[in-house]
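Visitor: My questions all concern the structure below.
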Amino acid sequence: MEVIVVDTAEDVAQRVADRFDTAVRGAGDAGITLGLATGSSPVRAYRELIRRYREEGLSFARARAFLLDEYVGLPTSAPQSYHRFIRDNFTDHVDIDDALVLSPAGDAADPASAAAAYDRSIVEAGGVDIQILGIGTDGHIGFNEPTSSFASRTRVKTLTRQTVADNARFFDAPEDVPVHVLTQGLGTILEARKIVLAASGESKAEAIAQAVEGPVSALWPATALQLHPAVTVVVDREAGSRLALGDYYQFVQENKARLSR
Ligand code: F6R
């Protein structure tokens with residue numbers, strides 16, 4: 001796992017945008033499949049990618065995208081739906097084809113079947129080339145709450161009370177937060193070819209320390225990322241404040257240029 005500790009949340013966004021920029025330009029006409037997260041963590045990076053689209057010729061015309069998750073029972077038009085969120089915060093502002101921005105159908109009559117169909121559609125599209133992840137204070141990625149199977153596929157999950165409380169800020173009242181979601185499984189997420197996890201703020205420090213340095217454990221779902229060969233974790237000083245090996249991560253970054261000489 002590559003761990004990059006930077007000063008501020010804005011620095012996190014720049015590093016994440018750099019990875020996406022390189023991947024999108026590198027794919028060229030062959031096109032690329034992006035894995036997109038919602039919530040607060042990726043928003044600054046999306047803003048930077050929008051700026052690069054407007055000012056630096058970064059085009060998403062050959063990209064498609066799969067979201068990680070969606071609330072069960074919210075219509076896609078609801079402002080809190082992730083279908084809406086990704087459009088408001090990213091994809092409506094770049095040249096990606098809206099029909100190719102896909103998310104699990106949280107409003108389906110049969111959410112379990114919709115979840116399985118969504119999982120199949122990711123595989124049929126050839127899988128995700130580069131995935132951005134946030135992390136919950138309880139260590140979830142996607143909405144894979146503690147005790148999620150490391151082999152899990154897209155399915156219906158029940159949020160923890162902690163996650164419901166954390167996400168209440170997006171709703172008028174805490175009781176409006178749906179407790180059920182559709183989420184890509186840990187097994188689904190681990191099939192992405194590259195993964196970039198972004199976190200900022202003290203509230204994420206324990207989850208980040210566990211994800212990077214903790215024992216692989218059902219209690220901290222993000223520890224599943226230790227099993228993936230191409231994960232980059234980008235955190236600000238606060239989110240990285242409980243990492244035991246911070247000095248080593250810095251040493252790796254300082255000496256990185258020597259490898260390519
Ligand atoms: C959202 C998602 C979640 C969030 C996590 C952190 O699509 O999959 O795992 O990334 O809950 O949320 P924020 O970034 O709002 O702190």
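Visitor: Using a cut-off of under 11 Å, list every residue of the stretch 211-241 whose amide N is near the label point 7 Å from the Cα of residue 147 along the Cα-to-beta-carbon line.
Guide: 219
Visitor: Could you give the nm distance between label points at residue 257 and residue 29, where each point is 7 Å from its Cα heading toward the beta carbon?
Guide: Each label point lies 7 Å from its Cα, and together they span 3.6 nm.
Visitor: What list do you get for 256, 204 if you sort them by fewest beta carbons within 10 Å?
Guide: On the way: 256 11, 204 25.
Ordered from fewest to most neighbouring Cβ atoms within 10 Å, 256, 204 come out as 256, 204.
Visitor: Sticking with this structure for a sec: Using the Kirkwood radius over C-alpha pairs as Rh, can you work out the diffusion coefficient of the chain via Stokes-Einstein at 37 °C, viscosity 0.692 mPa s, in µm² per second? Don't skip to the end; give the middle numbers.
Guide: Numbers: Rh = 18.5 Å.
Translational diffusion coefficient: 178 µm²/s.
Visitor: Further question on the same structure: Can you compute the helix-only [θ] at 222 nm over the chain? Use -39500 (n - 2.57) per DSSP H run of at least 4 residues, normalise by all residues, nearest 500 deg cm²/dmol. Let's see the in-between values first.
Guide: Numbers: 9 runs with 88 residues, N = 261.
For the chain, the value works out to -10000 deg cm²/dmol.
Visitor: Within straight cross-link reach of residue 157, meaning Cα distance under 24 Å, which lysines are found once same-chain residues fewer than 8 apart are removed?
Guide: 204
Visitor: A further question follows. Place a label point 7 angstrom from the Cα of residue 248 along the Cα-to-Cβ direction, then list the residues of the stretch 8-45 whose backbone nitrogen is under 16 Å away.
Guide: none
Visitor: Report the charge-dipole magnitude of the chain in Debye, nearest 20, computed about the Cα centre from +1 at each Lys and Arg Cβ and -1 at each Asp and Glu Cβ.
Guide: Working: 26 positive and 36 negative charges, 125 e Å.
Dipole size: approximately 600 debye.
Visitor: Something else about it: Given Cβ point charges of +1 (Lys, Arg) and -1 (Asp, Glu) and nothing else, what value in debye, to the nearest 20, does the dipole of the stretch 148-261 about its Cα centre take?
Guide: Working: 13 positive and 12 negative charges, 120 e Å.
Its charge dipole is roughly 580 debye.
Visitor: Of the residues 187, 106, 57, which exhibits the maximal mean-square fluctuation in a Gaussian network model of the chain defined by a 10 Å Cα contact cut-off?
Guide: Top of the fluctuation ranking is 57.
Visitor: Could I ask something else about it? Which whole-number percent is the relative contact order of the chain (Cα, under 8 Å, 6+ apart)?
Guide: About 24 percent, as a whole number.
Visitor: More than 20 Å apart: what percent of Cα pairs in the stretch 1-113 qualify?
Guide: Details: 2750 of 6328 pairs.
Counting every Cα pair in the stretch 1-113, those more than 20 Å apart make up 43 percent.
Visitor: Then there is this: Going toward the positive end of the dipole of the stretch 1-98, with +1 on Lys and Arg Cβ and -1 on Asp and Glu Cβ, which of 76, 39, 93 do you reach last?
Guide: After comparing all options, I get 76.
Visitor: Based on other C-beta atoms within 10 Å, arrange 228, 140 from fewest to most.
Guide: Working: 228 16, 140 27.
Ordered from fewest to most neighbouring Cβ atoms within 10 Å, 228, 140 come out as 228, 140.
Visitor: I need to check one value: relative contact order of the stretch 81-147, counting alpha carbon pairs closer than 8 Å and at least 6 residues apart, in percent. Write down the numbers at each step before the final one.
Guide: Numbers: 29 pairs, mean separation 9.5, N = 67.
Reported as a whole number, the value is 14 percent.
Visitor: May I pose another question? Pick from 26, 134, 201: which residue has the top mean-square fluctuation in a GNM of the chain where Cα pairs under 10 Å get a spring?
Guide: Per the Cα network of the chain with a 10 Å cutoff, 26 tops the list.
Visitor: Among residues other than residue 204 whose Cβ falls under 12 Å from its Cβ, what is the net charge (Lys/Arg +1, Asp/Glu -1)? Walk me through the numbers before you get to the answer.
Guide: Working: positive: 237, 242; negative: 138, 166, 202, 206, 236, 238.
Cβ neighbours under 12 Å give a net charge of -4.
Visitor: Which length gain, in nm to one decimal place, applies between residue 87 and residue 125 when the Cα-Cα distance is subtracted from 0.36 nm times their residue separation? Mind showing how you got there, number by number?
Guide: Values: separation 38, 0.36 × 38 = 13.68 nm, distance 2.07 nm.
Full extension of this stretch gives 11.6 nm more.
Bear in mind these aren't lab numbers, they're just calculated from the coordinates by the rules spelled out. Owing to the predicted nature of the structure, the values given are computational and were not obtained by experimental measurement. Counting neighbours? That spans all protein chains shown, and the Cβs are built from the backbone with ideal geometry, glycine included.
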